[in-house]
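Have a look at the structure below before the remarks.
The values are calculated or read from the model by the stated rules, or taken from the named source; none is laboratory data. What you see is a predicted model, and the numbers here were worked out from it, not measured in a lab. With ideal geometry, Cβ positions are generated from the backbone for all residues, glycine too; neighbour counts draw on all protein chains shown.
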């Protein structure tokens, strides 16, 4: 094989024993889970915001950002549930570039997966300790989910992973909401097949074990726009897109129909400032149609302390080193506006 086996990493159980979640924090997550899951089960009409940096690049800035979200959450708690994004794995279209904190706890240093596993667990735990938020992460590597499984309240399956069998089967064994993004091609049937697989029971191999999953009734859609054959970004957040998704859901036997709409990526053409307008258009669509309102569970927004993005070597505190994000002042105003519009 053309690989250098550097070292065997600790198992998730070993990492959890080294950095255990306290009983108090476990209760915090349990309470958060109940409130979040009630939305995806149709038992609550609160609006979910999965919001935060494109990638969690440094602990201090991420915790600073999330502490700001906590103050806003207290102002909008009657209408909005905030789930901070702590995305510690960054998918790369070509495989090149910064792959997230799991790979590089320090973006300026060489990859170190052992330090990365420890760093991402510590970051998620500190977020809970300091703010009371149990957060969201992307499942880029299904076999790594268990390093964080006792702390996450939401998981997203990315556009490049949604057709992968192991992602679908692993999602079927989770007991938290899992969002399935439409693929970069925009083929909605791929996303719907993934949701179906995640909602069903399966027997499969996971981390060397034969396992049986029970199916995840909270698996749902994420619309993130798509790229056509000419390489052009096209949106799928408009009213007609939401109605079409609702009609597609109605032709299935899926439970708990739901969608989170991603306001960035191909929906905005990565024009980060457009997220404000897009979010408000989606809210207008929900007010226009009661069935669409029930379908749309919330939004996914890429936001950080500073507007835009930068190169790694620039080192600006709180500014994305991957996709451009909405800065804090605009983010705070948007969250307050969303609560008003609900």
State all residues of the range 188-223 that are part of a strand (DSSP E or B), in contact (Cβ under 8 Å) with a residue 12 or more places away in the chain and out of contact with any strand residue (DSSP E or B) (no Cβ under 7 Å at 6 or more places or on another chain); if no residue qualifies, say none.
206
In the range 160-187, anything touching a helix residue (DSSP H, G or I) at 6+ places or on another chain (Cβ under 7 Å), within 22 Å of residue 92 (Cβ to Cβ) and assigned to a helix (DSSP H, G or I) is listed as 166, 167, 168, 170, 171
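Residue-by-condition table, conditions (1) over 19 Å from the mean Cα position of the chain (by Cα); (2) modelled with pLDDT of 95 or more; (3) surrounded by fewer than 19 Cβ atoms within 10 Å (Cβ to Cβ); (4) farther than 24 Å from residue 300 by Cα:
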{"residue": "62", "(1), (2), (3), (4)": "no, yes, no, no"}
{"residue": "66", "(1), (2), (3), (4)": "no, yes, no, no"}
{"residue": "69", "(1), (2), (3), (4)": "no, yes, no, no"}
{"residue": "76", "(1), (2), (3), (4)": "yes, yes, no, no"}
{"residue": "79", "(1), (2), (3), (4)": "yes, yes, yes, no"}
{"residue": "87", "(1), (2), (3), (4)": "no, yes, no, no"}
{"residue": "92", "(1), (2), (3), (4)": "no, no, yes, no"}
{"residue": "101", "(1), (2), (3), (4)": "no, yes, no, no"}
{"residue": "123", "(1), (2), (3), (4)": "no, yes, no, no"}
Of all residues in the range 309-330 being touching a helix residue (DSSP H, G or I) at 6+ places or on another chain (Cβ under 8 Å) and assigned to a helix (DSSP H, G or I), which is surrounded by the fewest Cβ atoms within 10 Å (Cβ to Cβ)?
330
Enumeration of residues in the range 20-52 that are closer than 18 Å to residue 121 by Cβ and surrounded by 14 or more Cβ atoms within 10 Å (Cβ to Cβ):
21, 25, 26, 28, 29, 32, 52
Quick test for you: out of 298, 308, 231, 258, pick the one residue that is at pLDDT 95 or above and more than 30 Å from residue 38 (Cβ to Cβ).
308
The condition from (1) closer than 20 Å to residue 82 by Cβ; (2) within 16 Å of the chain's Cα centre (by Cα) that residue 280 misses is numbered (2)
Assess whether residue 299 counts as being crowded, with 16+ Cβ neighbours inside 10 Å and either part of a loop (DSSP other than H, G, I, E, B) or under 19 Å from the mean Cα position of the chain (by Cα) (or both).
yes
Out of all the residues in the range 316-335, which are touching a residue at least 60 places away in the same chain (Cβ under 8 Å) and more than 22 Å from residue 267 (Cβ to Cβ)?
317, 318
